[in-house]
Amino acid sequence: MVGGGEAEEDEQLPLLISSSSTNELSQQPLKRTGTIWTAIAHIITGVIGAGVLSLAWSVAQLGWLAGPLLMLVFAAVTILSNNLLSDCYRYPDSDGPTRSPSYLEAVKIYLGEKMQTVSAIFVHESLYGCGIAYTITAASSVRAIQKSNCYHKEGHQASCEYGTSLYMLLFGLVQIVVSQIPDFHNMEWLSIIAAIMSFTYAFIGLGLGFAKVIENGRIQGSLGGVPTSNVADKLWLAFQALGDIAFAYPYSIILLEIQDTLKSPPAENKTMKKASMVAIFVTTFFYLCCGCFGYAAFGDDTPGNLLTGFGFYEPYWLIDFANACIVLHLVGGYQVYSQPVFAVAERWLSKKYPDSGFVNNFYSIKVPLLPRFQANPFRLCFRTVYVVSTTGIAMLFPYFNQVLGVLGALNFWPLAIYFPVEMYFVQKKIGSWTRKWIVLKAFSLVCFLVTVVGVIGSVQGLISAKLS
């Protein structure tokens, strides 16, 4: 039987399917019900993720002076760039009638199709890279749970070595299922759960670091950071630390998708700016606490991943719980960064092949004990292949700090700085060589130099890790 049917027929046929097309579904007006609180949850889900766990190591490389200072600088840069971008949600001005539901749509409207193509390369590489990084991190956390239990039973000197490939495969299987969530507008519950998880493990990491400092009776570390045998090695590590911090902050590529979920009035850009300010304030507080307490606790021996590098052994159950929270958070975080890719691919193919049933037809499926949901053949295939590919690359390059550094540095300037600044120039009609133009261009140039040194250091670290 095709279609809805009575309750009794549902019992006789546990799997019921009815079809409809994308065009029919798109005729229903999109309800934007998001608030400042759902926006904050989305942002925290996207920002506090793999990055927070590497910050203690980053502070260790940079030292007590440069480490915390650079985190504050990156926070300020993120707030500025996001405020510029949030004003570009509407066209031709911040109160205009035309919406830009995604980063790429905004670039196309303001800067043209050629620049949209350039930005698309960086956007999709960044989103795809986050999927890889989150897969690596989730697997590392599951392995850390195993190691924690092993050390508790066998002693801290035991040889508790486990691989991550199996856990990456399991995480990939979970993402294949979760990726069938239609879009951002259906993800509020997942983001809220993920945000709660991120707060939980950030608090645990902070608490463990603080307790370790108390236990040691002193603050470890130095103004210059971890010493090295030569200046070149110190520069490589400092550049990589810059890349890791750059990865931890910006979320410009998902900002407009989040803003597109907000109801109005009040104006979406005003709500988004408030949400960004609150979210960045909260994340910076956690970043400083986790990074600084981690370095204060372990000094030159600070692990690359605060909760999986095994500076902490006890209480083992708390470390297990923290790592379980990381995994649950990354399930949601992976989707926050993957859904925009899914949306672009599905919209593009739907326009290119409007008569294709494989691309456009949806089938209403009723599974026992679960609510009825819409399934689409192309969505199922494309999203599955996407998850499989990120999992495969993560298995080839399972290097936490190096992968985060490359991704953070490579995408920081073009996505978080260059395109938002250029779009702002167009929207506000800012002429060349005016005071505001010179200030923003200088700001963009400095951030470009940060990206260059970050990429150099992180790529060198990734090559060294792979060869060793």
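Need one number: % antiparallel among DSSP beta bridges in the chain, to the nearest 5. List each step's numbers first, then the result.
Details: 11 of 13 bridges.
If we restrict to bridges inside the chain, about 85 percent are antiparallel.
Collect residues whose amide H, placed 1.01 Å from N in the peptide plane, falls under 5 Å from the amide H of residue 362; neighbours closer than 5 in sequence don't count.
Sorted by chain and number, the residues that satisfy this are 20, 21, 22.
Taking a spot 7 Å from the Cα of residue 443 along the direction of its beta carbon, which residues of the range 73-91 have an amide N less than 15 Å from it?
Correct set: 73-88.
In the range 119-142, whose amide N lies under 13 Å from the spot 7 Å out along Cα-to-Cβ of residue 170? List them in ranges.
Under cut-off, by backbone N: 138-142.
Going by the alpha-carbon gyration tensor, a ≥ b ≥ c the square roots of its eigenvalues, is the chain rounded (a/c under 1.5) or, if a/c is not under 1.5, prolate (a/b greater than b/c) versus oblate?
In terms of gyration-tensor shape, oblate.
Taking the alpha-carbon centroid of each part, what is the distance from the range 237-264 to the range 394-468 in angstrom?
Taking the Cα centre of the range 394-468 as reference, the centre of the range 237-264 is 11 Å away.
Starting from the Kirkwood Rh over alpha-carbon pairs, what translational D in µm² s⁻¹ does the range 340-468 have by Stokes-Einstein at 37 °C and 0.692 mPa s? Can you show the working numbers first?
Working: Rh = 19.0 Å.
Estimated diffusion coefficient is 173 µm²/s.
Within the chain, what's the longest run with no GluC sites (Glu not before Pro) in a DSSP loop and at most 13 other beta-carbon atoms within 10 Å? Give the range, please.
Numbers: sites that count: 6, 161.
After excluding every exposed loop site, the longest remaining stretch is 162-468.
Enumerate cysteines in the chain without a disulfide-compatible partner, where compatibility requires another Cys Cβ under 4.7 angstrom.
Isolated Cys, the chain: 88, 130, 289, 290, 292, 325, 381, 447.
Could you provide, to the nearest whole Å², the per residue accessible area of the range 194-282 with probe 1.4 Å?
With the other protein chains kept in place, the range 194-282 gives 43 Å² per residue.
Rounded to the nearest percent, how much of the accessible area of the range 36-467 (1.4 Å probe, protein heavy atoms only) is carbon and sulfur?
Accessible surface attributable to carbon and sulfur in the range 36-467 totals 69 percent.
Looking only at trypsin sites (Lys or Arg not before Pro) in DSSP loops with at most 11 other Cβ atoms within 10 Å, what is the longest site-free stretch of the chain?
Working: sites that count: 31, 218, 429.
Between exposed loop sites, the widest span is 219-428.
Can you give me the accessible area per residue for the range 322-390, using a 1.4 Å probe, in Å²? Before the final figure, lay out each step's value.
On the way: 3050 Å² over 69 residues.
It amounts to 44 Å² per residue over the range 322-390.
What is the spin-label model distance, in nm, from residue 124 to residue 222 if the labels are put 7 Å beyond Cα along the C-beta direction?
Rounded to a tenth, the inter-label distance reads 4.8 nm.
Sum up the charges of everything whose Cβ sits under 13 Å from the Cβ of residue 398, counting Lys and Arg as +1 and Asp and Glu as -1, but leave residue 398 out.
It works out to a net charge of +2.
So what's the range 215-319 giving for Cα Rg divided by 2.2 N^0.38 Å, two decimals? Can you show the working numbers first?
Working: Rg = 18.8 Å, N = 105, 2.2 N^0.38 = 12.9 Å.
Ratio of Cα Rg to 2.2 N^0.38 Å: 1.46.
I need the helices of the chain that pass two filters: whole DSSP H segments spanning 18 Å or more by Cα along the axis, and mean Kyte-Doolittle score no lower than -0.5.
Within the chain the helices that satisfy the rule are 50-86, 113-154, 165-178, 188-216, 231-248, 268-298, 316-352, 377-396, 435-467.
Which whole-number percent gives the relative contact order of the range 269-414, counting Cα pairs below 8 Å spaced six or more residues apart?
Normalised by residue count, the contact order of the range 269-414 is 13 percent.
The values are calculated or read from the model by the stated rules, or taken from the named source; none is laboratory data. All of these numbers come straight from a predicted model, not from anything done at the bench. As a convention, Cβ positions derive from the backbone with ideal geometry for all residues, glycine included, and neighbour counts pool all protein chains shown. We work out accessible area using only protein heavy atoms, side chains counted, and drop any ligands, DNA or RNA first. Shrake-Rupley method; radii C 1.70, N 1.55, O 1.52, S 1.80 Å.
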